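Chemist: Can you read through this structure? Questions will come right after.
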Amino acid sequence: MRNTLNTITSRIIKDLRRNATFIIIVAVLWGILNLLFHRFCPVVLICGYPCPGCGITRAFRAFVTLHPVKALHYNPVYPLWLAFLLAAFWTRYVRGKSLKGLYYPLLFTGVLTILVYIYRMIFMFPGDEPMVYVHDNLFSIIRSFF
């Protein structure tokens, strides 16, 4: 058991070291964007419209704090993303295998996310959080100069 935990830990540390620069850049950008704009999503910051993933962070937070119905409201596809992340963790770190076998589940989850996004844009936008228009975006700032 201890040997298995050491193997899993060493795989995680190896991936963290391999991707350290990217992780640091994303963390710094996340911090700066949240401090300046109180948002992280580049789509919202640039054009003000919600993206297909809008609400997924709030959904995970609501799920972790035992509010699953609220989580489904924020992003109804979050259970599939959660299942995919758990499967990816299990495959990569516990089994030590490649993630190539998860291509089709990822593709299915991505396509379903886009279909749900289209539905939400038709029936929920612009009045139901998180499907709202953000007026303080880059395009509106540029447009105000002209």
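Chemist: Pick from 115, 36, 107 the residue whose mean-square fluctuation is largest in a GNM of the chain, springs joining Cα atoms under 10 Å.
Modeler: 36
Chemist: May I ask for the angle, rounded to the nearest 10°, between helix 20-37 and the longest principal axis of the chain, with both axes built from Cα atoms and the value confined to 0 to 90°?
Modeler: Here the helix axis deviates by roughly 30 degrees.
Chemist: Identify, among 103, 79, 57, the residue whose Cα sits farthest towards the positive end of the charge dipole of the range 42-146, taking +1 on the Cβ of Lys and Arg and -1 on the Cβ of Asp and Glu, with the dipole about the Cα centre.
Modeler: Checking the options against the dipole of the range 42-146, the answer is 103.
Chemist: Also, I was wondering about something else. Keeping every protein chain present and rolling a 1.4 Å probe, give me the accessible area per residue for the range 1-62 in Å².
Modeler: Ligands and nucleic acids excluded, the figure is 73 Å² per residue.
Chemist: Taking all protein chains as present, what is the carbon and sulfur share of the accessible area of the chain, in % to the nearest whole number, probe 1.4 Å?
Modeler: With neighbouring chains kept in place, the figure for the chain is 72 percent.
Chemist: Then there is this: Can you give the calculated 222 nm mean residue ellipticity of the chain, where each DSSP H run of n ≥ 4 adds -39,500 (n - 2.57) and the sum is split over every residue, rounded to the nearest 500 deg cm²/dmol?
Modeler: -21000 deg cm²/dmol
Chemist: What label, among [x] 29; [y] 49; [z] 44, belongs to percent of Cα pairs over 24 Å apart computed from the structure on display?
Modeler: Matching the structure shown: [y].
The values are calculated or read from the model by the stated rules, or taken from the named source; none is laboratory data. Here the structure is a predicted model, which is why all the values come from computation and not from measurement. Quick reminder, even Gly has a Cβ in these numbers, built from the backbone with ideal geometry, and neighbours come from all protein chains shown. Side chains are part of the model used for accessible areas, which takes the heavy atoms of the whole protein and leaves out ligands, DNA and RNA. Shrake-Rupley method; radii C 1.70, N 1.55, O 1.52, S 1.80 Å.
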